[in-house]
Amino acid sequence: MRFEMPCTEIDTELEKRIIKVYDHQEKVTIIYYEDEIEDIAILALKLFIKERIDPINMGVYDVPSL
């Protein structure tokens with residue numbers, strides 16, 4: 001699998017969820033706000049996130065903010 005979702009977290013200042021995805025092919029972590037999903041240019045990445053949108057919205061991947 002090319003992508004892995006290590007975690008999400010809440011940006012308390014903007015009150016938005018931050019979605020972090022690791023791209024194994026490019027060896028880079030990509031960060032998006034939840035409202036930027038539709039603007040993602042990489043179709044495979046966009047589909048990867050959309051397939052997990054329900055667990056993301058339920059906070060399954062959330063890590064506590066410090």
Could you figure out which of (1) surrounded by 14 or more Cβ atoms within 10 Å (Cβ to Cβ); (2) touching a residue at least 12 places away in the same chain (Cβ under 8 Å); (3) within 11 Å of the chain's Cα centre (by Cα) isn't true of Asp23? (3)
Contact list please: Cβ distance under 6 Å, first residue in the stretch 26-51 and open to solvent by 60 Å² or more (accessible area, probe 1.4 Å), second residue hydroxyl-bearing (Ser, Thr, Tyr), pairs at least six apart or on different chains. Thr29/Tyr22
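The values are calculated or read from the model by the stated rules, or taken from the named source; none is laboratory data. What you see is a predicted model, and the numbers here were worked out from it, not measured in a lab. Here the Cβ is made from the backbone with ideal geometry for all residues, glycine too, and neighbour counts use every protein chain on show. For the accessible areas, the whole protein counts, side chains as well, though only heavy atoms, and no ligand, DNA or RNA atoms are used. Shrake-Rupley method; radii C 1.70, N 1.55, O 1.52, S 1.80 Å.
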